[in-house]
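Asker: This is the structure, below, for whatever I ask next.
The values are calculated or read from the model by the stated rules, or taken from the named source; none is laboratory data. All figures in this text were calculated on a predicted structure; none of them were measured in a lab. Methodologically, a virtual Cβ is constructed for each residue, glycine included, from the backbone with ideal geometry; neighbour enumeration extends over all protein chains shown. SASA here: full protein model, heavy atoms, side chains in, ligands and nucleic acids out. Shrake-Rupley method; radii C 1.70, N 1.55, O 1.52, S 1.80 Å.
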Amino acid sequence: MQSLASTTVDAVKLLLSGDADIWNIIGISFQISTIAILIAMVPAILIGFILAYYNFPGRRLLVSIFNTMLAVPAVVVGLTLYILLSRQGPLGEWRLLFTQTAMVLGQIALCFPILVAMSHSAFQSIEKRAWDTAKTLAANPFKAFFIVMREVRFALFGALLAGYGRIIAEVGASMMLGGNILHYTRNIPTAIALETSKGEFAQGIALGIILISLAFFLTIGLHYMQGKGTVVRD
Amino acid sequence: MNKISRPVRLEYTNIVKTYGKGKNTKAILNDISLSLKGGECTLITGKNGCGKSTLLRIMGGLLKPDSGLINTGLHNLNWNKYRKALGNDVMYFYQEPYMFDGTVRQNLTYALDKKQNKDIIDNALKWAELEHRSDTQAKCLSGGERQRVALAQAWIKQPAVLLLDEPTANMDTEHRLRTETFLSTFIDSGTALYIASHDPNHFHRIMNHRLLIEDGYVSEFEELKATNTVNDQNDDTLLNDSLLQSNKNVTLFPNNKSTNFSSQDNK
């Protein structure tokens, strides 16, 4: 077994050489996770907003359900969707298993509760006065919603970053729903798992470097955004 | 949708509002009836917790009463459609108006309608004497300045109904009179003004009616001489009236919307 240092050097060389397979895996990862977060973003933020500002029967139960879903392991989400999408499953006719669409569905299911819970808490963090004032100023409820959304934009951006960080690094659901097919459903986490099991540590570390770099830049972005948001408190 | 026509005239009948459930139910408003008319100022007064703010929030469409009727003179309005019917025509401001993240100018932009020219913001800043604060973070403003930003927002929107909750609480006499002067602009332009204040002696220069709320009922309704003027010589303050008189020449609303209802209202 090579030393960690020499493996890391090989991994960097692999990345810099523009290895087609590596960059294809990275591309698939970003593509699937970006589509998933973009689809989940709008309804999740709306639900977070509704849970924060409207009182209706079952609201607390819904909040509890979303909070509970935060703790559900990716592999359980993968298993549930696998059962639904498998040939004998209720959605088997759609023939989505082992496709990128199935992976997107899995990642939506994973990031949705995070986005709902974090946007709910973001909207709750600002005063009721903000919503009332937005309603009194805006010509319609949509404009009022956008005024309030702008007020919590940094927290919402933080929710998006947290959701993105969760889905791009998860392996359980992607492996079960995508099947780890090269050039189609193999993404960074599934590729790392596969290459490591084969003893190909250089490729695994190369992909790991990409994930760590992503996590680093997401954190920097989050801190920058939070810094921007720290104006004088009410 | 039945829009409110101007000059505004609304009748609220038998408004009831309770908070809590079961044994903890507490009636805040019991069978309150009142009317609202463009170009007039009404002061709602009463002890803390008597329901002044609740009433204003109901009138502003921000809170749904348990029961009650509203009549526009032409239609009876369903409470669920009340807020939509009011649309841009009602504005409600808290004791300390909420300022959004951003500069004073950005906060004024939120009040701007698509059809309105952005130059109106400069005029509003001038009207509210906030030109020097236009690029200041709105959250950094003092209470009095926040009130002026809120009034500048109202000046841009030209509401038919303006509801203010304790707008001069914690203000010294000079700033209170200054605020009254700004408010007189709205009355002169035909806006119906409802002000909640714990002090029944405030706003006597501009108010036409005063109603006292006690135990959820209107216990007193007083019709006052409608002067709509701010240069009252009998004011108990020692302030020079020149301050008031100079502010009396403030610009009325920026476009023809005001002339529509002020002219009709003065007939």
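Asker: For B:93-101, what's the mean count of beta carbons from other chains sitting within 10 Å of each residue's beta carbon?
Answerer: The mean count of partner-chain Cβ atoms within 10 Å per residue comes to 6.
Asker: Continuing with the same structure: State, to one decimal in nm, how far the label point of B:His132 lies from the label point of A:Asn55, with both points 7 Å from Cα in the Cβ direction.
Answerer: About 4.5 nm, to one decimal.
Asker: Let me ask another. Using every pair of alpha-carbon atoms in the range A:97-162, split the distances into 5 Å bins beginning at 0 and state the percent of pairs per bin, rounded to integers.
Answerer: Going from the shortest bin to the longest, the percentages are 4, 17, 20, 17, 14, 11, 8, 6, 3, 1, 0.
Asker: Could I ask something else about it? What's the angle, to the nearest 10 degrees (0 to 90), between helix A:59-69's Cα axis and the longest principal axis of chain A?
Answerer: So the helix axis and the longest Cα principal axis differ by about 20 degrees.
Asker: Return the inverse of the average 1/r over all pairs of distinct C-alpha atoms in the range A:102-227, which is the Kirkwood hydrodynamic radius, in Å to one decimal.
Answerer: For the range A:102-227, the Kirkwood estimate is 16.8 Å.
Asker: Too long at a 23 Å Cα-Cα cut-off: which of A:Lys135/B:Lys126; A:Lys128/B:Lys115; A:Lys128/B:Lys139; A:Lys135/B:Lys47; B:Lys17/B:Lys47; A:Lys143/B:Lys118?
Answerer: Values: A:Lys135/B:Lys126 25 Å; A:Lys128/B:Lys115 29 Å; A:Lys128/B:Lys139 16 Å; A:Lys135/B:Lys47 28 Å; B:Lys17/B:Lys47 17 Å; A:Lys143/B:Lys118 17 Å.
Beyond 23 Å between Cα atoms: A:Lys135/B:Lys126; A:Lys128/B:Lys115; A:Lys135/B:Lys47.
Asker: Accessible area lost on pairing A with B, both sides, 1.4 Å probe, Å² to nearest 100? Write down the numbers at each step before the final one.
Answerer: Details: alone 12860 and 13030 Å², together 23690 Å².
Counting protein atoms only, the buried area is about 2200 Å².
Asker: Same structure again: At 222 nm, what helix-only mean residue ellipticity would chain A give, in deg cm²/dmol to the nearest 500, using -39500 (n - 2.57) for each DSSP H run of four or more?
Answerer: -25500 deg cm²/dmol
Asker: Let me ask another. Probe of 1.4 angstrom, ligands and nucleic acids ignored: what's the accessible area per residue over chain A, in square angstrom?
Answerer: Accessible surface, normalised per residue, equals 50 Å².
Asker: Expressed in whole Å with the largest first, what are the equivalent ellipsoid semi-axes of the range B:1-105 derived from the C-alpha gyration tensor as the square root of 5 times each eigenvalue? Numbers along the way, then the final one.
Answerer: On the way: eigenvalues 102, 87, 40 Å².
Output for the range B:1-105: semi-axes of 23, 21, 14 Å.
Asker: What spacing in nm lies between the two simple spin-label points modelled at B:Phe221 and A:Ser213, each 7 Å away from Cα in the Cβ direction?
Answerer: 7.5
Asker: Jot down the per residue volume, in cubic angstrom and as a whole number, of the convex hull over the alpha-carbon atoms of the protein assembly as shown.
Answerer: 199
Asker: Next question, about the same structure. Averaged over its residues, how many other protein chain Cβ atoms are within 10 Å of peptide A:195-206's Cβ atoms?
Answerer: Numbers: counts 0, 0, 0, 0, 0, 0, 0, 0, 0, 0, 0, 0.
Taking the mean over all residues of the peptide, I get 0.
Asker: Which residues does the label zone of B:Ala169 cover in the range B:95-127, counting backbone N under 12 Å from a point 7 Å along Cα→Cβ?
Answerer: B:95-97
Asker: Does anyone have the angle between helix A:100-125 and the longest principal axis of chain A? Alpha-carbon axes, 0 to 90°, nearest 10?
Answerer: 40
Asker: Could you work out how far apart the two model spin labels at B:Lys23 and A:Tyr224 are, taking each label as a point 7 Å from the Cα in the direction of the beta carbon, and quote it in nm?
Answerer: Those two pseudo-labels are separated by 5.8 nm.
Asker: Hey, another quick one. Helix A:4-16: angle to the longest alpha-carbon principal axis of chain A, degrees 0 to 90, nearest 10?
Answerer: Approximately 80 degrees, to the nearest 10.
Asker: Give me the percent of Cα-Cα pairs in the range A:4-229 that sit more than 22 Å apart, rounded to a whole number.
Answerer: Here the long-distance tail beyond 22 Å is 58 percent of all Cα pairs in the range A:4-229.
Asker: Mind checking A:134-144 for the average number of partner chain beta-carbons within 10 Å of each residue's beta-carbon?
Answerer: Counting Cβ atoms of other protein chains within 10 Å of each residue's Cβ and averaging gives 6.
Asker: Right, another one. Rounded to two decimals, what is Rg over Rh for the range B:57-107 when you use alpha-carbon atoms and the Kirkwood radius?
Answerer: On the way: Rg = 14.3 Å, Rh = 13.0 Å.
Ratio value, two decimals: 1.10.
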